[in-house]
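Worksheet for the structure shown next.
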Amino acid sequence: MNYPVSSINPGKTIMNRFLFKSVLLPFLLGSSMCFAQNPLDFGSNIRTADPSGHVWADGRMYLYTSHDEECQEDFYMKDWYTFSSDDLVNWTNHGPSLSVDQLSWADNYAWAPDAAYKNGKYYLVFPAGTGMKDRKNPKNSTKWMGIGVAVSDSPTGPFKDAIGGPLWKDPYANDPSLFIDDDGKAYLYFHGTNSDYYVAEMADDLLSVKGDFYKMDMGGYEPKMEGPWVFKRNGIYYFTMPEKNRTLTYYMAKSPKGPWKYQGAIMEEEANSNNHHSIVEFKGQWILFYHRWLDTPESSCKKKQRHVAAEYLYFNDDGTIQKVERTAQGVSDFASKIEKTEKSSASHAQ
């Protein structure tokens, strides 16, 4: 309806606009705060990296992460943390699940862990080490790292060192990825000195390596890498990794030992920063967990530090992975997305 100009009360119009903005502004800010939850909010300013995601029998998502101490020197890290969630937004911090103080064979380098469930127990496979790394004069470095195994009756720990030492001492190794196939066989992938793209089959109790390391056929392409992550979907095995420690890329195969076929990038590198990730299905949605190096102006050292983030991951009909972009929203709408999916499934079932 068009009103004559003379019938409009300017003062009332201005007041209505002010009231409208007063009501709308908090709503918009609230919406922004609600959906801008990437990196993940673990309830404090804790610095986390190297997320390993797993869904156990209780249906919750568990994240096993490394822990960057505030403004730490180099990557001198002392413990591993566990977080869990039902909706990927509200997280429970279960505190440190294992510390290098509990190890007799290492006192530093609590780097990227992984976890598994087998034989009624929860297993944490973790790298740790000793010595110092001299970045200016590498020949003076004494740093060494190996992979240990800890066990708990609970998915949140506390975990206890199960073998009192590393699985092996030579070669130097870190970044374990423990994959258990449908037949119960367990395979350990890792990054190591002159031993990338090797896999070790684990004994049934997951406390030792069974036989020799197996060098996999990667189809002729073996770039520098760290942080392998292996998973299975629709009978296809995926070997994923940070290529050159930066860009997340992947291979596909019909066997956990390959031969593998290179497929390209999942997520491009960000500002010359390293990355470390995991890929897991949760309530029908595939999720990519990773970490980002972000400015921390509230910190005393005023430098970029690592934070765990997450994005949705989608597959093409042929099983290949669609490229993932980093977003501020991440998976903050996970609960509503699942609710819509469940309603849609229910309506189709009627």
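Readers should treat all values here as calculations from the given coordinates under stated rules, not as data from a laboratory. Only a predicted model underlies this, so the values are computations on that prediction, with no experimental measurement involved. For neighbour counting, all protein chains shown are included, and Cβ atoms are generated from backbone atoms with ideal geometry for every residue, glycine included.
Just a few scattered comments:
- Projecting the Cα atoms of GLY319, GLN329, TYR172 onto the charge dipole of the chain, computed from C-beta unit charges around the Cα centre, puts GLN329 farthest toward the positive end.
- What the Kirkwood sum gives for region 27-137 is a hydrodynamic radius of 15.7 Å, with every pair of different alpha carbons counted.
- For region 124-168, the share of alpha carbon pairs falling in successive 10 Å distance bins from zero is 26, 36, 24, 13, 2 percent.
- Straight-line cross-link reach from LYS343 at under 16 Å between alpha-carbon atoms covers these lysines, not counting any fewer than eight positions away in the same chain: LYS283.
- Candidate lysines for bridging to LYS257, where Cα separation is under 22 Å - those fewer than 8 sequence places away on the same chain excluded: LYS118, LYS185, LYS210, LYS215, LYS224, LYS232, LYS244
- Relative contact order (percent, whole number), the chain, Cα cutoff 8 Å, 6+ residue spacing: 14
- Summing +1 for each Lys or Arg and -1 for each Asp or Glu among the other residues whose beta-carbon sits under 11 angstrom from that of ASP175 gives -4.
- Cα-based reach from LYS136 at 20 Å (exclusive), listing aspartates and glutamates while leaving out same-chain residues under 8 positions away: GLU73, ASP74
- Taking the Cα centre of region 223-321 as reference, the dipole from Cβ charges on Lys and Arg (+1) and Asp and Glu (-1) amounts to some 340 debye.
- With the helix formula -39500 (n - 2.57) applied to DSSP H stretches of n ≥ 4, the chain reaches a computed 222 nm mean residue ellipticity of -4000 deg cm²/dmol.
- Peptide ranges 76-83, 107-114 listed from the most packed, as the mean C-beta count within 10 angstrom indicates: 107-114, 76-83
- Under the convention that each Lys and Arg Cβ holds +1 and each Asp and Glu Cβ holds -1, the size of the dipole of the chain around its Cα centre is about 900 debye.
- Its Cα centre serving as origin, region 69-130 has a Cβ charge dipole (Lys and Arg +1, Asp and Glu -1) of approximately 420 debye.
- Hz values of 3J(HN,Hα) by residue in region 334-341 - Karplus curve (6.51, -1.76, 1.60), Gly and Pro given as x: 4, 4, 5, 5, 5, 4, 5, 5
- Evaluated at q = 0.09, 0.11 Å⁻¹, a Debye calculation over the C-alpha positions of the chain (equal weights, vacuum) places log10 I(q)/I(0) at -0.53, -0.75.
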